[in-house]
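Colleague: First the structure, which I've put down as C-alpha coordinates, then a few questions once you've had a look.
The values are calculated or read from the model by the stated rules, or taken from the named source; none is laboratory data. As the structure is a prediction and not an experimental result, all values here were calculated from the model. Glycine also receives a Cβ, built like all others from the backbone with ideal geometry; neighbour counts cover every protein chain displayed. The accessibility values were calculated without ligands, DNA or RNA, using every heavy atom of the protein model including side chains. Shrake-Rupley method; radii C 1.70, N 1.55, O 1.52, S 1.80 Å.
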Amino acid sequence: MKNNDFDSKIKNYFTSSNSFLFSKGRASLYATLKALGLTQGDEVIIPGYTCLVVPTAAQILGIKPVYVDIDPQTYNLSPQKLESCYTENTKALIVQHTYGIPCDMDPIMEWADSKGIPIIEDCCLAFGSKYNDCLCGTFGIAAYFSGQWNKPFSTGLGGMLVVNDDDLAVKVEQLVDKEMIQPGMIHRLRIWLQMQLYEWLVTPRTTQAITTIYRTLSKMGLVVGSSTKSEYSGVPPKNYFMGMTPAQAKKGAREMEKIEENISHRKQIAAFYQEELPKIGFQPVELNGRYDPVYVRYPVRVANKKEVLEAAYRERVEIGSWFESPLHPEGTDLQRFHYTHGCCPESERAAREVVNLPTHRKISMKEAERVVKFLYQTGKPC
Ligand SMILES: *Cc1c(COP(=O)(O)O)cnc(C)c1O
(Lines give C-alpha, C1' and ligand atoms only; values in the text may rest on other atoms or scores of the structure.)
Protein backbone atom coordinates (compact mmCIF):
# COMPACT_ATOMS: atom_id res chain seq x y z
CA MET A 1 0.00 0.00 0.00
CA LYS A 2 1.19 3.51 -0.56
CA ASN A 3 1.01 6.62 1.57
CA ASN A 4 1.43 8.82 -1.46
CA ASP A 5 -2.06 10.12 -1.59
CA PHE A 6 -1.94 11.79 1.80
CA ASP A 7 1.60 12.89 1.17
CA SER A 8 0.76 14.59 -2.10
CA LYS A 9 -2.33 16.23 -0.62
CA ILE A 10 -0.15 17.76 2.10
CA LYS A 11 2.36 18.96 -0.49
CA ASN A 12 -0.40 20.52 -2.56
CA TYR A 13 -1.99 22.23 0.39
CA PHE A 14 1.23 23.89 1.46
CA THR A 15 2.60 24.20 -2.10
CA SER A 16 5.76 22.57 -0.88
CA SER A 17 7.80 19.99 -2.75
CA ASN A 18 8.79 18.02 0.32
CA SER A 19 6.77 16.26 2.97
CA PHE A 20 7.18 13.20 5.17
CA LEU A 21 4.83 11.06 7.25
CA PHE A 22 5.72 9.72 10.69
CA SER A 23 4.16 7.95 13.64
CA LYS A 24 3.89 11.17 15.66
CA GLY A 25 4.49 14.89 15.45
CA ARG A 26 7.47 14.64 17.78
CA ALA A 27 9.23 12.28 15.35
CA SER A 28 8.93 15.01 12.69
CA LEU A 29 10.59 17.52 15.00
CA TYR A 30 13.32 15.04 15.91
CA ALA A 31 14.03 14.42 12.22
CA THR A 32 14.18 18.16 11.53
CA LEU A 33 16.59 18.94 14.35
CA LYS A 34 18.81 16.03 13.43
CA ALA A 35 18.78 16.84 9.72
CA LEU A 36 19.69 20.44 10.55
CA GLY A 37 22.80 19.02 12.17
CA LEU A 38 22.02 20.25 15.67
CA THR A 39 23.91 18.36 18.31
CA GLN A 40 25.33 18.22 21.83
CA GLY A 41 25.91 21.69 23.25
CA ASP A 42 23.60 23.48 20.83
CA GLU A 43 20.55 25.35 22.05
CA VAL A 44 17.09 25.68 20.61
CA ILE A 45 14.59 28.34 21.69
CA ILE A 46 11.15 26.93 22.49
CA PRO A 47 8.05 28.70 23.84
CA GLY A 48 7.63 27.90 27.54
CA TYR A 49 3.99 26.93 27.00
CA THR A 50 4.13 23.64 25.21
CA CYS A 51 3.99 19.91 25.33
CA LEU A 52 6.76 18.05 27.06
CA VAL A 53 7.46 16.07 23.92
CA VAL A 54 8.81 19.21 22.22
CA PRO A 55 11.86 19.74 24.48
CA THR A 56 12.24 15.95 24.68
CA ALA A 57 12.84 15.73 20.92
CA ALA A 58 15.70 18.21 21.39
CA GLN A 59 17.13 16.62 24.50
CA ILE A 60 17.33 13.18 22.92
CA LEU A 61 19.89 14.76 20.60
CA GLY A 62 21.73 16.49 23.44
CA ILE A 63 20.31 19.88 22.47
CA LYS A 64 19.42 22.22 25.30
CA PRO A 65 15.94 23.78 25.25
CA VAL A 66 15.79 27.45 26.24
CA TYR A 67 12.34 28.79 27.03
CA VAL A 68 10.88 32.06 25.84
CA ASP A 69 7.80 33.46 27.58
CA ILE A 70 4.47 33.96 25.83
CA ASP A 71 2.32 36.96 25.07
CA PRO A 72 -0.77 36.84 27.32
CA GLN A 73 -3.14 37.70 24.46
CA THR A 74 -1.98 35.26 21.76
CA TYR A 75 -0.46 32.52 23.93
CA ASN A 76 2.42 32.52 21.48
CA LEU A 77 6.03 33.42 22.04
CA SER A 78 6.62 37.07 22.66
CA PRO A 79 9.00 38.47 19.99
CA GLN A 80 10.35 41.10 22.41
CA LYS A 81 11.58 38.38 24.73
CA LEU A 82 13.64 36.49 22.15
CA GLU A 83 16.81 38.52 22.52
CA SER A 84 17.24 37.60 26.18
CA CYS A 85 17.12 33.89 25.26
CA TYR A 86 19.85 34.15 22.66
CA THR A 87 23.37 32.88 23.19
CA GLU A 88 26.17 32.00 20.78
CA ASN A 89 24.98 28.38 21.00
CA THR A 90 21.46 29.15 19.75
CA LYS A 91 20.99 27.18 16.55
CA ALA A 92 17.23 27.15 15.92
CA LEU A 93 13.94 28.69 16.99
CA ILE A 94 10.71 26.75 17.34
CA VAL A 95 7.57 28.85 16.90
CA GLN A 96 4.34 27.24 17.99
CA HIS A 97 1.00 28.50 16.72
CA THR A 98 -0.87 27.81 19.95
CA TYR A 99 -4.59 26.94 19.85
CA GLY A 100 -4.44 27.69 16.11
CA ILE A 101 -3.51 31.34 16.66
CA PRO A 102 -0.66 32.28 14.32
CA CYS A 103 2.52 33.66 15.83
CA ASP A 104 3.44 37.27 15.12
CA MET A 105 5.73 36.19 12.29
CA ASP A 106 6.92 39.61 11.01
CA PRO A 107 9.06 40.57 14.01
CA ILE A 108 9.95 36.92 14.68
CA MET A 109 11.32 36.38 11.17
CA GLU A 110 13.14 39.69 11.26
CA TRP A 111 14.84 38.70 14.49
CA ALA A 112 15.72 35.16 13.36
CA ASP A 113 17.11 36.53 10.08
CA SER A 114 19.28 38.99 11.94
CA LYS A 115 20.76 36.10 13.92
CA GLY A 116 20.92 33.75 10.95
CA ILE A 117 19.01 30.97 12.71
CA PRO A 118 16.33 28.76 11.11
CA ILE A 119 12.71 28.79 12.22
CA ILE A 120 10.86 25.51 12.73
CA GLU A 121 7.08 25.86 12.98
CA ASP A 122 5.10 23.76 15.42
CA CYS A 123 1.78 23.49 13.60
CA CYS A 124 0.42 20.68 15.77
CA LEU A 125 -2.45 22.96 16.81
CA ALA A 126 -2.75 24.99 13.62
CA PHE A 127 -3.96 23.67 10.29
CA GLY A 128 -5.24 26.30 7.87
CA SER A 129 -4.44 29.29 10.10
CA LYS A 130 -3.05 32.27 8.23
CA TYR A 131 -0.93 35.30 9.02
CA ASN A 132 -0.65 38.10 6.44
CA ASP A 133 -2.66 35.81 4.14
CA CYS A 134 0.05 33.13 4.27
CA LEU A 135 -0.52 29.68 5.71
CA CYS A 136 1.14 28.72 8.97
CA GLY A 137 3.59 26.06 7.91
CA THR A 138 5.02 28.12 5.04
CA PHE A 139 7.15 30.55 7.06
CA GLY A 140 9.84 28.33 8.51
CA ILE A 141 12.49 26.08 7.03
CA ALA A 142 10.23 23.24 8.16
CA ALA A 143 6.87 22.77 9.86
CA TYR A 144 5.58 19.78 11.76
CA PHE A 145 2.02 18.63 12.38
CA SER A 146 0.34 16.07 14.60
CA GLY A 147 -2.47 13.66 13.84
CA GLN A 148 -3.08 12.83 17.50
CA TRP A 149 -6.70 12.53 18.66
CA ASN A 150 -7.18 16.16 19.75
CA LYS A 151 -5.48 17.89 16.88
CA PRO A 152 -6.97 19.76 13.88
CA PHE A 153 -7.65 16.36 12.36
CA SER A 154 -6.72 12.92 13.55
CA THR A 155 -4.88 10.15 11.78
CA GLY A 156 -5.22 8.05 14.95
CA LEU A 157 -1.88 9.42 16.21
CA GLY A 158 0.53 10.47 13.49
CA GLY A 159 2.90 13.19 12.40
CA MET A 160 3.52 15.12 9.23
CA LEU A 161 6.52 17.18 8.24
CA VAL A 162 6.65 19.83 5.55
CA VAL A 163 10.14 20.93 4.54
CA ASN A 164 10.45 24.25 2.75
CA ASP A 165 14.09 23.90 1.84
CA ASP A 166 15.36 21.39 -0.71
CA ASP A 167 18.78 20.83 0.87
CA LEU A 168 17.21 20.10 4.23
CA ALA A 169 14.69 17.78 2.56
CA VAL A 170 17.52 15.70 1.11
CA LYS A 171 18.98 15.33 4.59
CA VAL A 172 15.62 14.32 6.08
CA GLU A 173 15.22 11.79 3.28
CA GLN A 174 18.62 10.29 4.09
CA LEU A 175 17.72 10.09 7.76
CA VAL A 176 14.45 8.37 6.93
CA ASP A 177 16.25 5.82 4.76
CA LYS A 178 18.89 5.16 7.35
CA GLU A 179 17.11 5.32 10.69
CA MET A 180 13.36 5.30 10.46
CA ILE A 181 11.62 2.19 11.77
CA GLN A 182 8.84 0.80 9.61
CA PRO A 183 5.68 0.12 11.63
CA GLY A 184 5.33 -3.60 12.27
CA MET A 185 2.26 -5.78 11.88
CA ILE A 186 1.19 -5.68 15.54
CA HIS A 187 1.56 -1.92 15.75
CA ARG A 188 -0.43 -1.48 12.55
CA LEU A 189 -3.20 -3.66 13.85
CA ARG A 190 -3.40 -1.90 17.20
CA ILE A 191 -3.50 1.52 15.61
CA TRP A 192 -6.20 0.38 13.21
CA LEU A 193 -8.31 -1.03 16.04
CA GLN A 194 -7.94 2.13 18.07
CA MET A 195 -9.05 4.21 15.12
CA GLN A 196 -12.20 2.10 14.73
CA LEU A 197 -13.03 2.30 18.43
CA TYR A 198 -12.48 6.02 18.40
CA GLU A 199 -14.94 6.49 15.54
CA TRP A 200 -17.61 4.48 17.31
CA LEU A 201 -17.29 5.65 20.88
CA VAL A 202 -16.13 9.22 21.13
CA THR A 203 -18.77 11.93 21.26
CA PRO A 204 -18.65 15.29 23.06
CA ARG A 205 -20.36 13.71 26.05
CA THR A 206 -18.13 10.65 26.27
CA THR A 207 -14.79 12.28 25.42
CA GLN A 208 -13.61 12.83 28.97
CA ALA A 209 -14.54 9.42 30.33
CA ILE A 210 -12.95 7.72 27.33
CA THR A 211 -9.82 9.82 27.64
CA THR A 212 -9.46 8.63 31.25
CA ILE A 213 -9.85 4.98 30.20
CA TYR A 214 -7.45 5.44 27.27
CA ARG A 215 -4.77 6.95 29.51
CA THR A 216 -5.15 4.10 31.99
CA LEU A 217 -4.86 1.45 29.27
CA SER A 218 -1.92 3.32 27.80
CA LYS A 219 -0.11 3.30 31.18
CA MET A 220 -0.70 -0.45 31.35
CA GLY A 221 0.81 -0.78 27.87
CA LEU A 222 -2.41 -2.15 26.39
CA VAL A 223 -2.97 0.51 23.77
CA VAL A 224 -0.63 2.72 21.75
CA GLY A 225 -0.69 5.86 23.84
CA SER A 226 0.32 9.39 23.11
CA SER A 227 3.37 9.14 25.38
CA THR A 228 5.01 6.34 27.29
CA LYS A 229 5.89 6.65 30.96
CA SER A 230 9.61 6.74 30.24
CA GLU A 231 9.07 9.63 27.85
CA TYR A 232 7.82 11.78 30.72
CA SER A 233 11.26 11.50 32.22
CA GLY A 234 12.97 12.22 28.92
CA VAL A 235 13.86 8.71 27.75
CA PRO A 236 12.61 7.93 24.24
CA PRO A 237 10.90 4.58 23.62
CA LYS A 238 12.53 2.27 21.09
CA ASN A 239 9.93 2.95 18.42
CA TYR A 240 10.38 6.70 18.70
CA PHE A 241 11.39 7.39 15.11
CA MET A 242 8.81 5.40 13.21
CA GLY A 243 6.85 5.82 9.99
CA MET A 244 3.10 6.22 9.62
CA THR A 245 0.97 3.15 8.97
CA PRO A 246 -0.98 2.84 5.68
CA ALA A 247 -4.32 3.01 7.54
CA GLN A 248 -3.31 6.28 9.16
CA ALA A 249 -2.22 7.74 5.83
CA LYS A 250 -5.51 6.67 4.31
CA LYS A 251 -7.40 8.42 7.09
CA GLY A 252 -5.21 11.48 6.54
CA ALA A 253 -6.06 11.54 2.85
CA ARG A 254 -9.77 11.38 3.68
CA GLU A 255 -9.36 14.18 6.20
CA MET A 256 -7.62 16.34 3.60
CA GLU A 257 -10.61 15.92 1.32
CA LYS A 258 -12.80 17.41 4.06
CA ILE A 259 -10.34 20.01 5.23
CA GLU A 260 -12.24 23.09 4.07
CA GLU A 261 -15.37 21.82 5.78
CA ASN A 262 -13.37 21.14 8.94
CA ILE A 263 -11.91 24.66 8.88
CA SER A 264 -15.18 26.45 8.21
CA HIS A 265 -16.89 24.51 11.00
CA ARG A 266 -14.18 25.47 13.46
CA LYS A 267 -14.40 29.09 12.34
CA GLN A 268 -18.13 29.13 12.80
CA ILE A 269 -18.03 27.67 16.32
CA ALA A 270 -15.12 29.93 17.33
CA ALA A 271 -16.96 32.99 16.01
CA PHE A 272 -19.88 32.02 18.22
CA TYR A 273 -17.63 31.83 21.32
CA GLN A 274 -16.00 35.09 20.30
CA GLU A 275 -19.38 36.79 20.24
CA GLU A 276 -20.94 35.14 23.29
CA LEU A 277 -18.06 35.26 25.79
CA PRO A 278 -18.11 39.06 26.34
CA LYS A 279 -21.87 38.88 26.93
CA ILE A 280 -21.28 36.59 29.92
CA GLY A 281 -18.35 38.59 31.25
CA PHE A 282 -15.40 36.67 29.79
CA GLN A 283 -12.57 38.10 27.75
CA PRO A 284 -12.48 36.93 24.12
CA VAL A 285 -9.19 36.64 22.22
CA GLU A 286 -8.43 39.93 20.51
CA LEU A 287 -6.29 39.87 17.38
CA ASN A 288 -5.63 42.44 14.69
CA GLY A 289 -6.31 42.01 10.96
CA ARG A 290 -3.02 40.26 10.19
CA TYR A 291 -4.28 37.17 11.97
CA ASP A 292 -6.69 34.65 10.50
CA PRO A 293 -6.77 31.81 13.04
CA VAL A 294 -8.43 28.41 12.77
CA TYR A 295 -8.94 27.59 16.43
CA VAL A 296 -8.36 23.96 17.28
CA ARG A 297 -9.68 24.88 20.73
CA TYR A 298 -10.79 28.32 21.88
CA PRO A 299 -8.89 29.56 24.95
CA VAL A 300 -10.54 31.46 27.79
CA ARG A 301 -9.20 32.54 31.17
CA VAL A 302 -11.11 31.69 34.32
CA ALA A 303 -10.34 32.47 37.96
CA ASN A 304 -11.50 29.02 39.14
CA LYS A 305 -9.94 26.62 36.64
CA LYS A 306 -9.93 23.54 38.85
CA GLU A 307 -13.58 23.96 39.75
CA VAL A 308 -14.58 24.48 36.10
CA LEU A 309 -12.72 21.38 34.92
CA GLU A 310 -14.16 19.20 37.66
CA ALA A 311 -17.69 20.37 37.01
CA ALA A 312 -17.19 19.92 33.25
CA TYR A 313 -16.10 16.34 33.84
CA ARG A 314 -19.17 15.64 35.97
CA GLU A 315 -21.58 17.29 33.58
CA ARG A 316 -19.92 15.88 30.46
CA VAL A 317 -19.12 19.19 28.89
CA GLU A 318 -16.07 18.98 26.68
CA ILE A 319 -13.97 21.73 28.22
CA GLY A 320 -10.27 20.97 28.19
CA SER A 321 -7.00 22.21 29.56
CA TRP A 322 -3.80 22.82 27.63
CA PHE A 323 -1.33 23.42 28.95
CA GLU A 324 -1.51 22.56 32.62
CA SER A 325 2.12 23.36 33.13
CA PRO A 326 4.62 25.37 31.07
CA LEU A 327 5.60 21.88 29.88
CA HIS A 328 2.43 19.84 29.66
CA PRO A 329 1.32 17.66 31.44
CA GLU A 330 1.10 18.66 35.07
CA GLY A 331 3.62 17.01 37.34
CA THR A 332 6.49 17.20 34.88
CA ASP A 333 9.87 17.48 36.56
CA LEU A 334 10.59 20.84 34.99
CA GLN A 335 14.24 21.01 36.03
CA ARG A 336 15.03 17.89 34.06
CA PHE A 337 13.91 19.76 30.96
CA HIS A 338 15.95 22.86 31.81
CA TYR A 339 12.87 24.86 32.81
CA THR A 340 13.51 27.00 35.86
CA HIS A 341 10.44 27.89 37.83
CA GLY A 342 9.54 31.54 37.22
CA CYS A 343 11.42 31.88 33.93
CA CYS A 344 8.18 32.26 31.93
CA PRO A 345 5.70 33.99 34.26
CA GLU A 346 3.03 34.54 31.59
CA SER A 347 3.13 30.84 30.66
CA GLU A 348 2.77 29.88 34.28
CA ARG A 349 -0.18 32.23 34.67
CA ALA A 350 -1.82 30.88 31.51
CA ALA A 351 -1.33 27.34 32.81
CA ARG A 352 -3.21 28.36 35.96
CA GLU A 353 -6.02 30.25 34.24
CA VAL A 354 -6.78 28.99 30.75
CA VAL A 355 -9.38 26.41 29.85
CA ASN A 356 -10.29 25.68 26.26
CA LEU A 357 -13.55 25.22 24.42
CA PRO A 358 -14.07 22.65 21.65
CA THR A 359 -14.58 23.65 18.00
CA HIS A 360 -14.39 20.30 16.17
CA ARG A 361 -16.96 18.74 13.86
CA LYS A 362 -18.78 16.78 16.53
CA ILE A 363 -19.62 20.07 18.28
CA SER A 364 -22.94 21.27 16.92
CA MET A 365 -24.11 24.83 17.45
CA LYS A 366 -26.41 23.47 20.13
CA GLU A 367 -23.51 21.82 21.93
CA ALA A 368 -21.54 25.10 21.69
CA GLU A 369 -24.49 26.86 23.34
CA ARG A 370 -24.38 24.28 26.13
CA VAL A 371 -20.65 24.95 26.59
CA VAL A 372 -21.22 28.70 26.91
CA LYS A 373 -24.13 28.21 29.27
CA PHE A 374 -22.02 25.90 31.40
CA LEU A 375 -19.23 28.47 31.53
CA TYR A 376 -21.71 31.15 32.55
CA GLN A 377 -22.97 29.01 35.42
CA THR A 378 -19.66 27.62 36.63
CA GLY A 379 -16.82 29.89 35.55
CA LYS A 380 -15.55 33.01 37.23
CA PRO A 381 -14.00 35.56 34.85
CA CYS A 382 -10.40 36.54 35.58
C1 LIG B 1 0.41 17.47 20.36
C2 LIG B 1 1.51 18.43 20.25
C3 LIG B 1 2.79 18.00 19.88
C4 LIG B 1 3.18 16.56 19.70
O5 LIG B 1 2.48 15.85 18.79
P6 LIG B 1 2.56 14.25 18.82
O7 LIG B 1 1.94 13.82 17.54
O8 LIG B 1 1.79 13.82 20.03
O9 LIG B 1 3.99 13.89 18.93
C10 LIG B 1 3.76 18.97 19.72
N11 LIG B 1 3.50 20.28 19.91
C12 LIG B 1 2.28 20.70 20.27
C13 LIG B 1 2.05 22.16 20.45
C14 LIG B 1 1.25 19.80 20.47
O15 LIG B 1 0.05 20.24 20.86
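Colleague: First select every other residue whose beta carbon is under 12 angstrom from the beta carbon of M109; then total the charges, Lys and Arg +1, Asp and Glu -1. Mind showing how you got there, number by number?
Modeller: Working: positive: K115; negative: D104, D106, E110, D113, E121.
Taking every Cβ under 12 Å from that of M109, the sum is -4.
Colleague: Right, here's the next one. Mind jotting down a quarter of the surface of the convex hull over the alpha carbons of the chain, in square nanometres, one decimal?
Modeller: Dividing the Cα hull surface by four gives the mean projection, 17.1 nm².
Colleague: Enumerate the amide H contacts of M242 below 5 Å, restricted to partners 5 or more residues apart or on another chain; note that Pro and chain-start residues carry no placed amide H.
Modeller: S23, K24, I181
Colleague: At H187 and T216, where each label point lies 7 Å from the Cα along Cα→Cβ, what is the point-to-point distance in nanometres?
Modeller: Each label point lies 7 Å from its Cα, and together they span 2.8 nm.
Colleague: Report the residues of region 347-374 in range of a label on E310: point 7 Å along Cα→C-beta, backbone N strictly under 19 Å from it.
Modeller: From region 347-374, the list is 352-356, 374.
Colleague: Assuming 0.36 nm per residue, please report the length gained on full extension of the stretch D166 to K279 beyond their Cα-Cα distance.
Modeller: Fully extending the segment from D166 to K279 adds 35.7 nm.
Colleague: Amide H of W322 versus every other amide H placed in the peptide plane: which residues, excluding those fewer than 5 positions away on the same chain, fall under 5 Å?
Modeller: When sequence neighbours closer than 5 places are left aside, the close amide H contacts are N356.
Colleague: Over its Cα atoms, what ratio of radius of gyration to 2.2 N^0.38 Å does region 6-133 give?
Modeller: So the Cα radius of gyration is 1.03 times the expected 2.2 N^0.38 Å.
Colleague: Net charge within 15 Å of N132 by Cβ-Cβ distance, Lys/Arg positive one each and Asp/Glu negative one each, not counting N132 itself?
Modeller: For residues surrounding N132, the net value is -4.
Colleague: Here's another thing I want to ask about it. Ranked from highest to lowest mean number of other Cβ atoms within 10 Å per residue, what is the order of the peptides 49-58, 171-180?
Modeller: 49-58, 171-180
Colleague: Still on this model: Using helices alone, what [θ] at 222 nm do you get for the chain, with -39,500 (n - 2.57) per DSSP H run of 4 or more residues, divided over all residues and rounded to the nearest 500?
Modeller: Rounded to the nearest 500, it is -12500 deg cm²/dmol.
Colleague: Sort 208-214, 317-323 by packing, meaning the average of other beta carbons within 10 Å per residue, with the highest value first.
Modeller: 317-323, 208-214
Colleague: Something else about it: What accessible area per residue, rounded to a whole number of Å², is obtained for the chain using a probe radius of 1.4 Å?
Modeller: Roughly 44 Å² per residue, with all protein chains present.
Colleague: For region 157-202 and region 112-131, what is the centre-to-centre distance using only Cα atoms, to the nearest Å?
Modeller: That distance is 22 Å.
Colleague: Provide the net charge surrounding S347, with neighbours chosen by a C-beta distance below 15 Å and charges set as Lys +1, Arg +1, Asp -1, Glu -1.
Modeller: -3
Colleague: As a test of understanding, state the convex hull volume per residue of region 5-78 from its alpha carbons, in Å³.
Modeller: Cα-based convex hull of region 5-78, divided per residue, equals 113 Å³.
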